[in-house]
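Structure, as structure tokens:
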Amino acid sequence: MANWHEKQVIYQIYPKSFKDTNDDGIGDLQGVIQKIPYLKALGITTIWLNPIYVSPQVDNGYDVADYYQIDQSVGSMADVEALIQALHQNGMHLLLDFVMNHTSDQHPWFQAALKDPQSKYHDYYLWAQAKPGQLPNNWGSFFGGSVWEPTPKAPNHYYFHLFDRHMPDLNWQNPAVRQAMIEIAKFWLNKGVDGLRLDAFIHIDKANFKQFAVGESQKPVIDDTFYAHLSRVQPYLREFCHALRAIKPDVFILGEAASASPELLIDYSRPQNDECDAVITFRSIVDRLDQLDSRLPAEFQPKALDVEGMRQRLTTIETKLADVSLPVLYWSNHDMARVASRYASTDYYWQSLKCLAAMLYLQRGLPIIYYGEELGLKNSYLKQLSDFHDQTVLPFYQQALAVGYSADQTMKMLNQTHKMAARGMMPWDSDQPYQGFSKHEPWLNGQQTTPVSVAAETSDPTSLLVFYRQLFQLKQTPLFTAGDEVIQPTANGVFQYTRQLAGQLATVTCNLSDTVQLVTNNDGGQPSLTVGAVDQHAGQLNYSPWSMTVTINDKKEF
Ligand code: BGC
């Protein structure tokens with residue numbers, strides 16, 4: 001398994017919101033180049049960019065209209081080439097997002113398919129006929145409503161879209177589609193890109209369209225049974241990955257498998273399978289659901305972290321993947337609210353964010369940091385319902401008002417939980433207009449909710465930013481990249497694990513609660529990183545609220 005990617009600390013950049021250098025209010029690739037020194041000082045070794053291809057931006061770039069060109073809002077081909085070169089000169093790597101399940105409806109393939117059903121591109125997509133007044137089946141789209149959209153000018157004829165209706169799904173059963181996607185990926189690898197994040201690959205196979213989901217016959221039901229992890233996903237994935245490794249044996253293939261169980265993580269990342277090197281699952285994070293208001297859907301209600309649930313989940317993942325692949329460690333991404341909005345303690349804000357970072361990122365696995373996380377950036381505050389660009393937001397808003405929440409309370413809930421509010425501007429310097437992100441009003445109409453900035457935290461030795469730097473220095477030592485891991489059974493509210501390699505043992509102990517916790521730590525090691533106050537007390541250690549220690553014993557005394 002000796003491969004460069006096993007020692008990476010990955011930083012996810014949402015390009016539109018990172019740094020704008022041409023002052024149009026939209027972040028760009030030149031902005032990423034400009035900030036390489038910042039990222040390097042943070043300890044980042046690989047950057048993952050959300051999609052940068054030509055796109056009508058219905059889903060912020062995940063609707064691709066031309067895979068071979070860069071969207072002019074973020075830059076040009078020359079810019080991406082310059083970025084690759086600059087990163088490589090700094091010993092860093094680049095991962096591109098690779099959207100393989102669907103295209104934009106503006107993609108020439110789809111346009112050709114619409115124009116001429118006899119065109120070879122018609123079979124690049126998925127279609128179905130229905131009885132008048134009905135839909136082909138009752139499957140629900142992840143973005144609301146049905147997966148079926150009427151084909152213009154073709155009565156009772158529909159095309160399939162799992163996400164937005166402007167994002168038709170590709171027909172992976174067609175070998176020409178599979179080959180076309182391989183060619184696109186090879187194009188980028190030949191440009192020098194080091195790896196790909198495979199977007200939504202788990203959906204590339206679909207069930208028989210005649211099969212209805214259980215539920216009211218015509219009301220759309222979201223049900224993975226019909227479009228996730230089906231039997232042809234792995235053969236298609238294998239064919240794709242194999243072709244890429246044939247031209248670039250050390251390519252890093254990071255799969256996004258939102259709903260993958262630990263067993264599926266094994267299948268998708270087992271080296272013998274020649275598929276992904278590592279896989280992101282959204283099921284590694286566990287929330288408490290017992291405090292929710294049952295009158296409202298769970299999705300937009302704030303939830304606390306379930307420390308015990310997370311301990312169980314991570315124990316399973318770490319154990320099952322021990323000899324298979326590296327788990328992917330992340331708290332946030334562009335599809336969820338920011339960690340500071342979800343789990344930071346109100347009374348111990350900075351300490352809590354340091355403890356959460358240490359609790360996760362020193363584990364066996366690949367850390368992925370979502371831009372701004374290292375500053376303690378929270379979700380932005382979006383003022384209008386339309387700013388969320390999500391058709392499921394209005395029904396939630398109406399339902400919340402109907403059961404007695406005020407408009408203000410409902411907007412707060414949405415802003416605290418919604419993915420769009422997590423895509424706000426990177427605050428570089430609070431003394432500059434728009435926090436130094438741009439001189440122009442930013443594309444997202446959101447307000448910063450916590451006064452954090454790179455400038456302020458760079459000059460503060462106690463800042464979260466400086467803590468992240470220290471953490472990543474530690475992370476890149478062999479003990480934390482290659483050591484075995486054991487997650488310890490501890491009191492709820494405490495998360496403790498050990499890492500062991502040759503004659504070294506590290507113990508990471510985090511009090512993830514607002515109360516004092518007594519913890520046993522008898523590894524005899526020396527503290528190498530500490531947050532908050534930890535005192536000796538009758539043979540045990542007394543961890544103050546949101547405190548943390550990393551101790552390392554390298555005297556073989558354990
Ligand atoms: C991406 C989302 C996107 C979807 C469709 C996901 O997995 O992370 O942001 O909307 O794929 O491309």
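The values are calculated or read from the model by the stated rules, or taken from the named source; none is laboratory data. Predicted, not measured: the structure shown is a model, and the values here were computed from it. Neighbour counts run over all protein chains shown; Cβ positions are idealised from the backbone, glycine included. Accessible surface areas use protein heavy atoms only, side chains included; no ligands, DNA or RNA. Shrake-Rupley method; radii C 1.70, N 1.55, O 1.52, S 1.80 Å.
So is V177 open to solvent by less than 10 Å² (accessible area, probe 1.4 Å) and assigned to a helix (DSSP H, G or I) or not? Can you show your working first?
Values: open to solvent by less than 10 Å² (accessible area, probe 1.4 Å): yes; assigned to a helix (DSSP H, G or I): yes.
In short, yes.
How about segment 333-377: which of its residues are among the basic types (K, R), more than 21 Å from T551 (Cβ to Cβ) and away from the ligand (no atom under 16 Å from the Cβ)?
At the first step, the residues of segment 333-377 found to be among the basic types (K, R) are 338, 342, 354, 364.
Subsequent filtering for residues that are more than 21 Å from T551 (Cβ to Cβ) retains 338, 342.
Passing the criteria: only R342.
When you scan segment 418-431, do you find a residue that is assigned by TED's automatic domain parsing to the domain that holds P297, open to solvent by 60 Å² or more (accessible area, probe 1.4 Å) and part of a helix (DSSP H, G or I), even just one?
Looking through segment 418-431, none of the residues is assigned by TED's automatic domain parsing to the domain that holds P297, open to solvent by 60 Å² or more (accessible area, probe 1.4 Å) and part of a helix (DSSP H, G or I).
Residue-by-condition table, conditions (1) part of a loop (DSSP other than H, G, I, E, B); (2) within 16 Å of the ligand (Cβ to nearest atom); (3) in the same structural domain as A246 (by TED's automatic domain parsing); (4) open to solvent by 10 Å² or more (accessible area, probe 1.4 Å):
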{"position": "L114", "(1), (2), (3), (4)": "no, no, no, yes"}
{"position": "P117", "(1), (2), (3), (4)": "yes, no, no, yes"}
{"position": "P132", "(1), (2), (3), (4)": "yes, no, no, yes"}
{"position": "G144", "(1), (2), (3), (4)": "yes, yes, no, yes"}
{"position": "A154", "(1), (2), (3), (4)": "yes, no, no, yes"}
{"position": "I184", "(1), (2), (3), (4)": "no, yes, yes, no"}
{"position": "L198", "(1), (2), (3), (4)": "no, yes, yes, no"}
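Kindly provide the set of residues from segment 28-62 that are more than 16 Å from the ligand (Cβ to nearest atom) and not in a helix (DSSP H, G or I), ordered by number.
D28, K35, G43, I44, T45, T46, I47
Could you please let me know if S380 is in contact (Cβ under 8 Å) with a residue 12 or more places away in the chain, of a type in the set (G, A, S), away from the ligand (no atom under 16 Å from the Cβ) and open to solvent by 10 Å² or more (accessible area, probe 1.4 Å)?
Considered against the rule, which asks whether it is in contact (Cβ under 8 Å) with a residue 12 or more places away in the chain, of a type in the set (G, A, S), away from the ligand (no atom under 16 Å from the Cβ) and open to solvent by 10 Å² or more (accessible area, probe 1.4 Å), S380 comes out as yes.
So which of N521, N511 is open to solvent by less than 40 Å² (accessible area, probe 1.4 Å) and at pLDDT 90 or above?
Every option except N511 fails the conditions.
Which residue pairs have Cβ atoms under 7 Å apart, sit 6 or more places apart or on different chains, and have a first residue in segment 334-348 that is farther than 8 Å from A422 by Cβ and a second that is hydrophobic (A, V, I, L, M, F, W, C) and within 16 Å of the ligand (Cβ to nearest atom)?
V339/W331
Quick check on segment 386-401. Is at least one of its residues free of Cβ contacts under 8 Å to residues at least 24 places away in the same chain and crowded, with 18+ Cβ neighbours inside 10 Å?
Keep residues of segment 386-401 that are free of Cβ contacts under 8 Å to residues at least 24 places away in the same chain, which gives 386, 394-395, 397-398, 401.
Keeping just the survivors that are crowded, with 18+ Cβ neighbours inside 10 Å gives 397.
Within segment 386-401 (the criterion being free of Cβ contacts under 8 Å to residues at least 24 places away in the same chain and crowded, with 18+ Cβ neighbours inside 10 Å), the answer is yes, since at least one residue qualifies.
Is it the case, given these coordinates, that R165 is surrounded by fewer than 23 Cβ atoms within 10 Å (Cβ to Cβ) and within 16 Å of the ligand (Cβ to nearest atom)?
Yes; evaluated as a whole, the condition is true for this residue.
Kindly evaluate Y68 against the criterion of being away from the ligand (no atom under 16 Å from the Cβ) and within 20 Å of K186 (Cα to Cα).
Numbers: away from the ligand (no atom under 16 Å from the Cβ): yes; within 20 Å of K186 (Cα to Cα): yes.
When the stated conditions are applied, Y68 passes them.
Would you mind telling me which numbered condition in (1) open to solvent by less than 10 Å² (accessible area, probe 1.4 Å); (2) within 16 Å of the ligand (Cβ to nearest atom) P327 fails?
Among (1) open to solvent by less than 10 Å² (accessible area, probe 1.4 Å); (2) within 16 Å of the ligand (Cβ to nearest atom), P327 violates only (2).
So which residues in segment 326-379 are assigned to a loop (DSSP other than H, G, I, E, B) and hydroxyl-bearing (S, T, Y)?
Result: S332, Y343, S345, T346, Y348, Y371.
Test of understanding: among L356, L314, L296, L321, which residue is among the aliphatic types (A, V, I, L, M), surrounded by fewer than 23 Cβ atoms within 10 Å (Cβ to Cβ) and within 25 Å of L479 (Cβ to Cβ)?
The match here is L321.
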